[in-house]
Amino acid sequence: MAATVLTINGGSSSIKFALFEIGDSPRPLMSGKVNRIGFGKAEFTATSADAQLHLRQQIEVPDHKQAVGWLIEELGNHVGLQDVAAIGHRVVHGGTRYTDAQAITKQMVDELRRLTPLAPNHLPAEIAIIEALTQRFPGVSQVACFDTAFHHDLPRVAQLLPLPRRYEAAGVRRYGFHGVSYTFLMEKLAQVAGLAIAQGRVILAHLGAGASMAAVRGGKCIDTSMSFTPTAGLVMATRSGDLDPGVLTYLMRSEGLTADQVDELVNHRSGLLGISDASPDMRDLMGRMASDPRAADAVEVFCYQARKWIGAFAAALGGLDTIVFSGGIGENAPDVRNRICAGLSFLAFDLDHDRNQANAMKISTETSQSNVWVIPTDEELMIANTVCRLLTTSGNKY
């Protein structure tokens with residue numbers, strides 16, 4: 001077999017993975033995920049790129065270290081991993097130090113451990129995965145692709161949070177997330193729409209269980225909805241998005257909530273789930289809208305808040321040329337896209353109903369002055385491309 005790159009995308013309770021053959025451009029061989037890690041029965045699924053191999057199994061893995069060990073064993077049994085030449089990781093937080101993708105070292109792992117308070121729901125699992133794979137693949141290069149890197153040079157006015165200066169010195173600032181996805185979307189937009197469009201005034205809308213937007217001008221991010229943590233910004237599946245901090249102090253005093261209980265509330269029991277009191281899944285809520293007012297409220301709040309962010313970012317950009325929808329909701333929910341775009345005609349774009357319903361790549365009309373695109377994101381491919389580029393420039397040959 002040719003040399004391969006393994007990509008790992010560790011979430012708070014999941015691991016997505018993909019295997020690519022190295023060539024002129026990475027060629028996908030297999031992808032899949034382990035879901036519900038630490039919640040009793042986890043589920044492992046994998047599919048080969050040629051659709052000839054489908055794997056599905058329930059497993060018991062209490063943590064990410066055991067999950068990635070089981071995953072590597074299973075992949076080794078089915079496709080073989082003896083030709084893995086490099087491993088790429090999506091790492092949610094790089095702090096102020098790591099502003100681009102780079103090779104993982106012991107010093108980096110120590111620094112990520114120090115940064116854990118900035119991303120307690122993600123970094124511990126990602127560190128555990130890195131260390132487990134270091135033991136399993138000694139001597140194999142590993143690369144960290146940081147979600148925060150896309151936003152590292154935000155304008156100062158967008159970085160600063162309105163707190164006493166000493167907190168900024170301690171690293172409390174707007175970081176932004178979903179950067180691996182945004183990097184992919186900008187490269188893809190340049191390919192399908194042309195470099196001139198990608199260099200214009202662009203709003204990227206990554207709408208999924210986690211949801212955020214980024215305002216990009218001249219290829220540079222000038223603002224983003226997520227902030228110090230991924231909890232900020234838009235309403236999400238189980239995250240609240242922006243919330244009056246007075247609400248939290250009120251609940252801490254009136255209900256005696258601890259910091260951990262507040263974290264659980266705003267990250268795991270709020271958002272679409274909290275409003276609907278039924279489901280965090282947009283598909284479920286859209287199906288219930290006609291019969292359940294709470295589900296209808298959840299959908300309307302999600303779309304209304306997204307529309308507000310588009311308007312705010314259009315102001316920050318000084319106008320708007322292009323919107324790109326991506327993520328599970330952004331790519332697959334035409335009614336949600338339509339609801340978000342309704343009332344935004346003052347921004348000089350117009351949706352084509354048939355294209356939108358068909359989830360076409362370009363969903364604005366031919367006469368629309370601004371363009372609306374639907375571009376499926378591919379974080380795993382972005383990681384693989386980054387790993388191959390870094391290893392080639394460092395002199396590695398395959």
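The values are calculated or read from the model by the stated rules, or taken from the named source; none is laboratory data. Everything numeric in this text was worked out from a predicted model, so none of it was measured. FYI the Cβ positions are ideal-geometry reconstructions off the backbone, even for glycines, and counts take in every protein chain you see. Side chains included, ligands, DNA and RNA excluded: accessible areas come from the protein's heavy atoms. Shrake-Rupley method; radii C 1.70, N 1.55, O 1.52, S 1.80 Å.
General observations
- Residue check, residue 281 in contact (Cβ under 8 Å) with a residue 24 or more places away in the chain and acidic (Asp, Glu): yes
- All conditions in (1) open to solvent by 40 Å² or more (accessible area, probe 1.4 Å); (2) in contact with a Leu (Cβ under 8 Å, 6 or more places away or on another chain); (3) modelled with pLDDT under 95; (4) of a type outside the set (Phe, Trp, Tyr) hold for residue 350, with the sole exception of (2).
- For the stretch 51-64, filtering for residues that are more than 20 Å from the chain's Cα centre (by Cα) and in contact (Cβ under 8 Å) with a residue 24 or more places away in the chain leaves 5.
- Filtering the stretch 332-363 to residues that are more than 16 Å from residue 193 (Cβ to Cβ), outside any helix (DSSP H, G or I) and of a type outside the set (A, V, I, L, M) leaves 343, 350, 359.
- Residue list for the stretch 33-76, filter: of a type in the set (S, T, N, Q) and either assigned to a helix (DSSP H, G or I) or in contact with a helix residue (DSSP H, G or I) (Cβ under 7 Å, 6 or more places away or on another chain) (or both): 66
- Every residue from the stretch 136-152 that is open to solvent by 40 Å² or more (accessible area, probe 1.4 Å), in contact with a helix residue (DSSP H, G or I) (Cβ under 9 Å, 6 or more places away or on another chain) and free of Cβ contacts under 8 Å to residues at least 60 places away in the same chain: 152
- The residue of the stretch 302-331 that is nearest to the chain's Cα centre (by Cα), among those that are outside any helix (DSSP H, G or I) and of a type in the set (A, V, I, L, M, F, W, C), is 325.
- Counting the residues of the stretch 54-72 that are more than 27 Å from residue 390 (Cα to Cα) and open to solvent by 50 Å² or more (accessible area, probe 1.4 Å) gives 9.
- Any chance residue 90 is over 20 Å from residue 137 (Cβ atoms) and basic (Lys, Arg): no
- Subset of the stretch 286-300 (residues that are open to solvent by less than 50 Å² (accessible area, probe 1.4 Å) and either closer than 23 Å to residue 205 by Cα or part of a helix (DSSP H, G or I) (or both)): 295, 296, 298, 299
- Against the test of being open to solvent by less than 30 Å² (accessible area, probe 1.4 Å), over 18 Å from residue 324 (Cα atoms) and part of a helix (DSSP H, G or I), the options 180, 266 yield a single qualifying residue, 266.
- Hits in the stretch 186-223 (condition: under 25 Å from residue 299 (Cα atoms), aliphatic (A, V, I, L, M) and at pLDDT 95 or above): 202, 203, 204, 205, 207, 211, 213, 214, 215
- Taking the criterion of being in contact (Cβ under 8 Å) with a residue 60 or more places away in the chain, open to solvent by 40 Å² or more (accessible area, probe 1.4 Å) and aliphatic (A, V, I, L, M), the residues of the stretch 183-236 that qualify are 192, 197, 209.
- Within the stretch 33-50, the residues that satisfy the criterion of being under 21 Å from the mean Cα position of the chain (by Cα) and open to solvent by less than 20 Å² (accessible area, probe 1.4 Å) are 34, 37, 44, 46.
- The stretch 238-262 - residue that is part of a helix (DSSP H, G or I) and open to solvent by 70 Å² or more (accessible area, probe 1.4 Å) and, of those, nearest to residue 308 (Cα to Cα): 245
- Residues of the stretch 221-255 that are under 18 Å from the mean Cα position of the chain (by Cα) and of a type in the set (Phe, Trp, Tyr): 228 alone.
- Residue selected from the stretch 109-122 under the condition under 26 Å from residue 220 (Cα atoms) and not in a loop (DSSP other than H, G, I, E, B), by the criterion modelled with the highest pLDDT: 112
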